[in-house]
1. If you take the square roots of the eigenvalues of the alpha-carbon gyration tensor of region 11-155 and sort them as a ≥ b ≥ c, do you get rounded (a/c under 1.5), prolate (a/b over b/c) or oblate?
2. Taking the Cα centroid of region 153-211 and of region 477-494, what is the distance between the two, rounded to the nearest whole Å?
3. So for region 377-500, what percent of the C-alpha to C-alpha distances run longer than 17 Å?
4. Given 10 Å bins starting at zero, what is the percent of C-alpha pairs of region 156-199 in each, up to the one with the largest pair distance?
5. Once each part is reduced to its C-alpha centroid, what is the distance from region 18-61 to region 435-454 in angstrom?
6. Hey, what angle do you get for helix 239-252 against the long axis of the chain, alpha-carbon based, 0 to 90 degrees rounded to 10?
7. If you find the alpha carbon centre of region 238-310 and of region 381-405, how far apart are they in angstrom?
8. Give the percent of DSSP beta bridges with both residues in region 198-503 that are antiparallel, rounded to the nearest 5.
Ligand code: B12
Ligand code: SF4
């Protein structure tokens, strides 16, 4: 804990409200600032509440930053609002600047609370702003910056994307100059606190190997970025740059069990890049298993076999819906069910554990279209897991605009937990598709209006409490090549996180 009131004002404090320390955006900004000789600190505020405000104030006063930068997604809006109002009241001389996806898509809304907002990718622009603040230079002409003057909102143009991602310094997994709120006190980050708050107890290293996505689905931030930048093209780091980061990571954190590729679609890289990546990964003995996301269209046997050989263990693939109409007309995704199932079969063939993402509670989807989804799910080779998300109409997306135009009633995305989907009969059946025999699922579907409710209610909870964990363990066992030691180490990392989440929340 910092306890001396410093007179220096050439410091920046970056604040995050995520319930874990995996805040890639802030870690990138922080490294970039430090690399430009700007004294930067991160304050992680997991499970923040206004009861913590005075402890936080003590900390901010002691650090005495020239600027406070807040990063937020839509779901963190009310935390950011509460925090900002309090800091501005208590320390009116410090500008509070917001950035991240929510301020990018809902800039005017955020300017009601923040002094300035940064729109889009901001490493370069934010450093330019900070330097201008330190040197008492004007800031209002800085690209990516938005501000309010005389009640009017001004949003400056964005600078083009950083083309060469290799020019960005590596983000620190556990930033040394960081602090964290824990049990209503602010502590300097250390390994023990990091282990408590990092996802999977710090055993999962997050890596961004690219930015952007070849798709721009109507509900996703890439849809907004396409409008903002005129392109959502994928920018890929060089293999050598990524391997350098990974070598450093495994040397510094030998406990890492998995590397989690945070790219929107790791599989969209070209074959030459992938082969080079695999060969460098082997040559440099990175020796960690990894997790990534893929769009079915980009999954093929050659990529799977190369990646499986070097440790690919889990993939997340989006089905979203089995209705081809909803897929095309509502979501703007052009993935056929055949292409999806072909990818699913290949993933099973290579014994790679898979999570399939499904979007439910879509008011644009009819009952028979939900049944299409169930039909596709029934064709996926088992074992597999599902991640069900309740459709969220995020500001700035095409789907949000459509829903407004159609006068559709929907929950405010700032308040909605997308993991809490509604408890409908068909949603329950979807959840059970990976767990129960297909014939029984079909019985539940076909007899939904004739007494199958009783059977569904009878099997639902036992399936969630017994079959779901068993399926999960089976998947890990299969994906680790039936290696019991690897399975236990993975399970213990995952369970630890679940357990800590419950304890920390209370
Ligand atoms: C990796 C990732 C995660 C990771 C890490 C998140 C993180 N904060 O880094 C994890 C797995 C933890 C995660 C979790 C969630 N995620 Co997520 N995630 C992503 C993903 C795929 C990439 C983010 C990323 O690293 N981008 C690269 C960095 C460099 O870009 P960036 O984050 O935008 O940051 C830049 C700018 O925004 C800006 N910036 C950011 N912060 C600040 C602050 C200041 C002061 C300034 C000046 C600038 C600035 O500069 C940064 C550097 O250029 C995005 C999709 C995407 N393509 O962006 C979704 C995305 C951010 N996630 C999303 C969601 C919904 C979630 C969850 C809420 C889902 C859930 N219910 O579980 C959770 C929330 C976590 C929590 N518990 O609070 C949504 C958010 C939509 C929205 N409008 O809010 C996105 C956009 C995907 C989507 N559906 O469109 N996520
Ligand atoms: S494929 Fe995924 S990351 Fe890419 S635009 Fe669609 S939802 Fe977003």
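1. Details: a/c = 1.29, a/b = 1.15, b/c = 1.12.
In terms of gyration-tensor shape, rounded.
2. Centre-to-centre (Cα) distance: 27 Å.
3. On the way: 5240 of 7626 pairs.
For region 377-500, the fraction of Cα-Cα distances above 17 Å is 69 percent.
4. So the P(r) values, bin by bin, are 21, 34, 21, 22, 2.
5. Each part's Cα centre sits 50 Å from the other's.
6. 80
7. Value for the Cα centre distance between the two parts: 28 Å.
8. Details: 2 of 26 bridges.
Given both bridge residues lie in region 198-503, the antiparallel proportion sits at roughly 10 percent.
Since every read-out is calculated from the coordinates, none of them should be taken as a lab result. Quick caveat, the model's predicted, so the values are computed rather than measured. Quick reminder, even Gly has a Cβ in these numbers, built from the backbone with ideal geometry, and neighbours come from all protein chains shown.
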